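The values are calculated or read from the model by the stated rules, or taken from the named source; none is laboratory data. Please read these numbers as outputs of a predicted model, since none were measured by experiment. Note that each Cβ is placed from the backbone with ideal geometry, even for glycine, and that neighbours are counted across all protein chains shown. The area values use the complete protein model at the heavy-atom level, side chains included, leaving out ligands, DNA and RNA. Shrake-Rupley method; radii C 1.70, N 1.55, O 1.52, S 1.80 Å.
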Amino acid sequence: MTAHSHLFEPLDLRHKTLRNRIVFGAHTANMAEDGLPGERHLGYYLERARGGAAMIVVEPVPVHATAVLTRGNFRHNDDSIIPAFRKITEACKAEGAVMLNQLYHVGQHGDFDLSYQPNWSPSGLPSFHDSDGSHKMTEVEIEEVIMGFVAAARRAYEAGFDGVELFAAYNALIDQFWLPWNNRRDDRWGGCFENRMRFSTEIITRIRKQVGEDFIIGIATASDHNTDIALSNEALQEIAAYYDARALIDYISCGTASYFDFAELMPTFFFAEKLGVPLAESLKQVVKHTRIQAESHIRTPENANTVIAAQQADMVSIVRGQIADPHLANKAKEGRDADVRGCISCNQMCWGRRSRDYWISCLVNPSAGREFEWGGDRFSPSDAPRHVLVIGGGPAGLECARVAAERGHRVTLVEASGELGGQFRLAGLQPRRGQISELIQWYNRQLEKLNVRVKFHSYVEAGEIEDYHADCVVIATGSLPSDSGFQRGIPGMDELPGVDKANVWSVEDVMSRAARPGNKVMLIDDTSDWRGGGTALHLAQQGHAVIIITGAAMVGKSVQRTAGDVTLRQQLKKYGVMWMTESVVMDWRGDGGTVRGLLDGMEVFIEADGLVLATTNIAETTLLNDLAGRDLEVHSIGDCVSPRLAVAAIYEGRVLAMKL
Ligand code: SF4
């Protein structure tokens, strides 16, 4: 009996039995090389299969030339993917995972930059991916795409997959045919319900005929309650009941959001958990045979077990949770929830890299996508264990200390303050970013388990290093806020006039409650990320009237890649935060500052009681410089090398510790 008994009950799915209810659902890992799955893919999926995932839905294959969407997509019309996929299916099935392949076509929301094809759609409506329009498909073209789905399913079958999942979520081609708003046809493919179902029904029945009975066919769907044109839960119930009555599909996966509203598609920390559960629950009410899967921000094994126990769904897809910790399922099964490294819902390196067309990785788990090079998310013991002294308990130092200890080194971590986490800890105090604090607690627990000696309130100077008798020293002293007020929009101004006045504060001052910025606060947001936006929101929630001045074209420009910027601006609006974009502060007079528009050069004086600087930090290199030339093995990682986001610190901590 495990702590999550419902989650670890096996489940029959057509000809297969899932070992538990945890699925590593479909997502674009974007890892193909020259259109073929390779070693990066193999390592990525194999690690999750080893980690206990019951079913893995490998990232989508475009079914037609007009469906190609990313640089890392698989070849859409080429049997050469069959032997390449077979390596993945055989390896993952040997680890006990049921293997599926998602097949997709996003219809009118394609990407010409990658496909070099016009977008095809039921009725020629505009793309919501970019400014392109689309081409209304002819009968012949509809047939061509149906046969594209069938050919892709045949390749999946021959590659050893146990089934396929048809992508009908987020307003893709299949659900464009379902949805009256998209489907304005008056032929046999549009109009009444039966006609709008014809496209998907043809795909499913022809796939079944092609591959036989022992092959799972699932459908991925999603609800979008933020737009009244999307399919409602009732409409999706009608579709689910239609297929269930005809025993055409084996499961339906329930996500959230769509091309009309991207923010809830990979919900950031601003959103509630278990977002796909209401749709799953409503579909369960209308099906007799079809399994129902819930997805979208089911973060933890506990979340998942609750959903299964309440019979809201038969299985759950946990994608980001298993990117962050590929061994989530096994740890949960062993009652080791406390060891699960939680996803922090940042989207920084998963969607944040996919949106820029790189292969995906993870902020908290830099081995994601590198498993084939790094031996998974596991560590080989050191041949020659040593005493490693890590100086600085921010994300770089924490990861380095943890991994070095995992490898058998004796580790001492010294931290100048009384708490671990460094500036990342302060970020965790921003509104709704508590998952960062949970991650730091996870590091605390891991260091304790690994017998890392942690010394707090220890500001180490160069002359004291020898006292630790360490074999090597890792400097992870981080960075400090800049007090210059430098802004990228006016690079010739090294220091903001008036920045030395008493009522000028850093983000760190605000988040550590050292600042008393007064009622009306001007905040220079020179990084256009959570540093400025999150701090402004924190201040506004404390009752301050805040105006953000940013040189960027929008507040949250740097988090646009994570699909988090719209929600950030919504929250800022809700709390009355004002902003001026493409603007810089020319001086600070103590009672306000002069703001210049970068587009027109117009200047205006804005009154404020305090000024907060959300600007790029300065590397803290004092100890590093003082140790230069010593006969000592010294390494440096993280912000003391160059101030960056936490992802760089964790990555460098891991890389160094794997080499020590
Ligand atoms: Fe989760 Fe962030 Fe990792 Fe994505 S990058 S899996 S959101 S922790």
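Table for the structure above
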{"read-out": "Count of residues meeting criterion [open to solvent by less than 10 Å² (accessible area, probe 1.4 Å) and within 18 Å of residue 273 (Cα to Cα)] in segment 345-371", "value": "2"}
{"read-out": "Answer residue from segment 325-339, given it is crowded, with 23+ Cβ neighbours inside 10 Å and part of a helix (DSSP H, G or I) and is nearest to the ligand (Cβ to nearest atom) among those", "value": "328"}
{"read-out": "Among residues of segment 633-643, those that are over 20 Å from residue 423 (Cβ atoms) and assigned to a loop (DSSP other than H, G, I, E, B), counted", "value": "1"}
{"read-out": "In segment 591-632, the residues that are among the aliphatic types (A, V, I, L, M), in a loop (DSSP other than H, G, I, E, B) and within 26 Å of residue 538 (Cα to Cα)", "value": "608"}
{"read-out": "Qualifying positions in segment 66-102 - open to solvent by less than 40 Å² (accessible area, probe 1.4 Å), farther than 23 Å from residue 132 by Cβ and among the aliphatic types (A, V, I, L, M)", "value": "81, 82, 84, 88, 91, 97, 98, 99, 100"}
{"read-out": "Selected residue [within 23 Å of residue 225 (Cα to Cα) and of a type in the set (Gly, Ala, Ser)] from 317, 361, 367", "value": "317"}
{"read-out": "Any chance residue 610 is touching a His at 6+ places or on another chain (Cβ under 9 Å) and open to solvent by less than 20 Å² (accessible area, probe 1.4 Å)", "value": "yes"}
{"read-out": "Among (1) surrounded by 22 or more Cβ atoms within 10 Å (Cβ to Cβ); (2) within 20 Å of the chain's Cα centre (by Cα); (3) free of Cβ contacts under 8 Å to residues at least 40 places away in the same chain, the one test that residue 568 misses", "value": "(3)"}
{"read-out": "Test result for residue 144, over 27 Å from residue 42 (Cα atoms), open to solvent by 40 Å² or more (accessible area, probe 1.4 Å) and either among the β-branched types (Val, Ile, Thr) or touching a residue at least 60 places away in the same chain (Cβ under 8 Å) (or both)", "value": "yes"}
{"read-out": "Single residue of 586, 658 found to be away from the ligand (no atom under 16 Å from the Cβ), of a type outside the set (D, E, K, R), within 25 Å of residue 489 (Cβ to Cβ) and out of contact with any Gly (no Cβ under 6 Å at 6 or more places or on another chain)", "value": "586"}
{"read-out": "Selection from segment 289-324 of residues that are over 16 Å from residue 279 (Cβ atoms), within 13 Å of the ligand (Cβ to nearest atom) and of a type outside the set (D, E, K, R)", "value": "300, 318, 319, 321, 322, 323, 324"}
{"read-out": "Wholly enclosed strands (runs of 3 or more DSSP E) of segment 223-324 bearing at least 1 residues open to solvent by 20 Å² or more (accessible area, probe 1.4 Å)", "value": "291-294"}
{"read-out": "Filtered residues of segment 173-197 (kept if farther than 22 Å from residue 133 by Cβ and in a helix (DSSP H, G or I))", "value": "193, 194, 195, 197"}
{"read-out": "Filter result for residue 536 (at pLDDT below 95 and touching a strand residue (DSSP E or B) at 6+ places or on another chain (Cβ under 7 Å))", "value": "no"}
{"read-out": "Residue in segment 438-457 that is under 24 Å from residue 374 (Cβ atoms), polar (S, T, N, Q) and in contact (Cβ under 8 Å) with a residue 60 or more places away in the chain present", "value": "yes"}
{"read-out": "Qualifying position, being in contact with a helix residue (DSSP H, G or I) (Cβ under 6 Å, 6 or more places away or on another chain) and either within 22 Å of residue 595 (Cβ to Cβ) or at pLDDT below 95 (or both), among 510, 499", "value": "510"}
{"read-out": "Strands (runs of 3 or more DSSP E) enclosed by segment 10-127 - at least 3 residues per element that are under 27 Å from the mean Cα position of the chain (by Cα) and among the hydrophobic types (A, V, I, L, M, F, W, C)", "value": "22-24, 55-62, 98-104"}
{"read-out": "Unique residue being over 19 Å from residue 24 (Cα atoms) and small (Gly, Ala, Ser) when the list is 427, 368", "value": "427"}
{"read-out": "Failed item, numbered, when residue 271 is tested on (1) within 14 Å of the ligand (Cβ to nearest atom); (2) touching a strand residue (DSSP E or B) at 6+ places or on another chain (Cβ under 8 Å)", "value": "(2)"}
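Results for (1) of a type in the set (Lys, Arg); (2) free of Cβ contacts under 8 Å to residues at least 60 places away in the same chain, shown as yes or no for each residue.
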position: 603; (1), (2): no, yes
position: 608; (1), (2): no, no
position: 619; (1), (2): no, no
position: 630; (1), (2): yes, no
position: 636; (1), (2): no, no
position: 640; (1), (2): no, no
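Listed here are the residues, each with its yes/no results for (1) free of Cβ contacts under 8 Å to residues at least 40 places away in the same chain; (2) open to solvent by less than 10 Å² (accessible area, probe 1.4 Å); (3) under 15 Å from residue 251 (Cα atoms).
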{"position": "182", "(1), (2), (3)": "no, yes, no"}
{"position": "188", "(1), (2), (3)": "yes, no, no"}
{"position": "196", "(1), (2), (3)": "yes, no, no"}
{"position": "200", "(1), (2), (3)": "yes, yes, yes"}
{"position": "203", "(1), (2), (3)": "no, yes, no"}
{"position": "208", "(1), (2), (3)": "no, no, yes"}
{"position": "215", "(1), (2), (3)": "no, yes, yes"}
{"position": "220", "(1), (2), (3)": "no, yes, yes"}
